[in-house]
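Since the structure comes first, as structure tokens, the remarks are kept for the end.
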Amino acid sequence: MPSAFTHEFNTPAFKGKVSFSTGLFINGQFLDGSDNTTIDVINPTNGKVITSVSEGTPKDVDLAVDAAHAAFDTTWGLHAPGAQRSILMSKLVAIMEKNADELAALEALDNGKTFNWARNVDVAGSIDCIRYYAGWADKVTGQVQETTEDKLTYTRHEPIGVVGQIIPWNFPLLMMAWKLGPALACGNTIVLKPSEFTPLTAIRMCHLINEAGFPPGVVNVISGYGNSVGNAISSHMRIEKVAFTGSTLVGRKVMEAAAKSNLKNVTLELGGKSPNIIFDDADIEQAVNWAAFGIFWNHGQTCCAGSRIFVQEGIYDEFLKRFTEKTRSLKVGDPFAPDTFQGPQVSEIQFNRIMSYIESGKAAGAKVEIGGERHGSEGYFIKPTIFTNVDPSMKIVQEEIFGPVGVVIKFKDEEDVIKQANDTVYGLAAAVFTQNLNRAINTAHKLKAGTAWINCVNSLHSNVPFGGFKQSGIGRELGEYALANYTAVKSVHINLGHRM
């Protein structure tokens, strides 16, 4: 019998009691893992244990796959019309809305992000995403192709079947919604692994999925470690597709396991080192505000974070002065305090990784304009950090840090900055700040990135595709484009009169 997590929130942002099972979610039930082991969930504000959740194993993945196949063959897939799937997804949306504050509080508790951001972005965005794909569920259609008058040919976009999904710790609930939405809309059944650092909202969502009335086995959630559960999903011979969001390093392992097993379809949303280009004619106040949001939002733990800030030489000094002042004004602290902008990093591992990059930058001769050290003496807090005096060979310029660390680089003209901006193995996102529309569009088109923002950054919508070029991934999340990740196209040829 899995244990339950019970917690009384008594914070300025949220007051209330939560209590729910923390078992593996297989075939609509909450179960202990096959080895009866657990994983401690740590509070990143103080390093203390919040609770423990059941630890899954490859055996549990097998059980989940069996349940998912049974559901696909009887109550879901082609046995559940799109309209029926839409109704259930819409019910889930209504239940999520009813529990929105609780979901935000759980997200803030084990992830460390602020309650306000969790409530207004993560939870709101998750609800919007599921609602958006609920609208698509009865609109996934094929085409009729004209060939000859004695033949009818058409395509069917059928669900793939059982799909595996592995989500990260930086946006736990939102990434779950990005994965569930299109997969469910297209009629697939799911085996999902949340991050072992931040499993609480995924487990709580399983209770809401049951409440909404989804058939058992349609969604299965296995908490566990990447080298066991993640690998089992990626290499499983009865999972036909895997979707992964996380680091490029792990993405390679997922792709390798998929190729070595049953050559399953793969979608990858991976790392980034996004350029944020600020021209002389930009609205400098807005550029400063957006640049701070671009790198420091979500504690810099954002795959599309604008971590390389290129500023044209005519406004460089003024921008740097204002950007430093803006950074100094950002409050780091308790995620549940109403005026906190940045909470702790998600884990001690991530804290140490970021601090090692900061030390690397210092050792390489970069100048710390502000920050560059931990905040406080407890928990995994790091001061927002700005480096200048950098060169392209430095690790802090080339590698994804995934923390509140940005570099500010001076550039001369468009040709210079486009060359520098594209000098990276990544290509997830980019931003351009200018009041010259022609320059904005021309620059955006020349940047090798899957998303280009103009006079904004980190602005996403459920109906707009998101994904990367180069080593930032394969395929697209969100929008109509994501439906292609979860359908198999079948061509049907009907002979109406041709005789042999």
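Computed values, structure above
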read-out	value
Those residues of segment 317-334 which are open to solvent by less than 90 Å² (accessible area, probe 1.4 Å) and either farther than 12 Å from Val288 by Cα or assigned to a loop (DSSP other than H, G, I, E, B) (or both), in sequence order	Ser329, Leu330, Lys331, Val332, Gly333, Asp334
Test for Gly475: is it open to solvent by less than 50 Å² (accessible area, probe 1.4 Å) and under 18 Å from the mean Cα position of the chain (by Cα)	yes
Search result, residues across segment 238-253 that are open to solvent by less than 10 Å² (accessible area, probe 1.4 Å) and hydrophobic (A, V, I, L, M, F, W, C)	Ile239, Val242, Ala243
Qualifying residue in segment 213-227 (condition: open to solvent by less than 30 Å² (accessible area, probe 1.4 Å), touching a residue at least 40 places away in the same chain (Cβ under 8 Å) and out of contact with any strand residue (DSSP E or B) (no Cβ under 8 Å at 6 or more places or on another chain))	yes
Residue check, Val489 closer than 30 Å to Val140 by Cα and open to solvent by 20 Å² or more (accessible area, probe 1.4 Å)	yes
Positions within segment 272-298 being assigned to a loop (DSSP other than H, G, I, E, B) and surrounded by fewer than 23 Cβ atoms within 10 Å (Cβ to Cβ), in sequence order	Asp280, Asp281, Asp283
Conditions (1) touching an Asp or Glu at 6+ places or on another chain (Cβ under 9 Å); (2) closer than 22 Å to Trp169 by Cβ; (3) open to solvent by 40 Å² or more (accessible area, probe 1.4 Å): number failed by Asn265	(2)
Cβ pairs under 8 Å, 6+ apart, first in segment 478-500 and more than 17 Å from Met176 (Cα to Cα), second open to solvent by 100 Å² or more (accessible area, probe 1.4 Å)	Leu496/Glu149; Gly497/Glu149
Residue selected from segment 415-463 under the condition free of Cβ contacts under 8 Å to residues at least 12 places away in the same chain and either closer than 12 Å to Arg308 by Cα or over 26 Å from the mean Cα position of the chain (by Cα) (or both), by the criterion surrounded by the most Cβ atoms within 10 Å (Cβ to Cβ)	Asp416
Search result, residues across segment 228-237 that are touching a helix residue (DSSP H, G or I) at 6+ places or on another chain (Cβ under 7 Å) and either at pLDDT below 95 or open to solvent by less than 10 Å² (accessible area, probe 1.4 Å) (or both)	Val229, Ile233, Ser234
Residues of segment 382-414 classified as farther than 26 Å from Ala282 by Cα and surrounded by fewer than 22 Cβ atoms within 10 Å (Cβ to Cβ), total	5
Selection status of Glu359, out of contact with any strand residue (DSSP E or B) (no Cβ under 9 Å at 6 or more places or on another chain), under 23 Å from Asn422 (Cα atoms) and charged (D, E, K, R)	no
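The values are calculated or read from the model by the stated rules, or taken from the named source; none is laboratory data. Bear in mind that the values here come from a model prediction, so they are computed numbers and not experimental data. For neighbour counting, all protein chains shown are included, and Cβ atoms are generated from backbone atoms with ideal geometry for every residue, glycine included. In case anyone asks, the SASA skips ligands and DNA or RNA and just uses the protein heavy atoms, side chains included. Shrake-Rupley method; radii C 1.70, N 1.55, O 1.52, S 1.80 Å.
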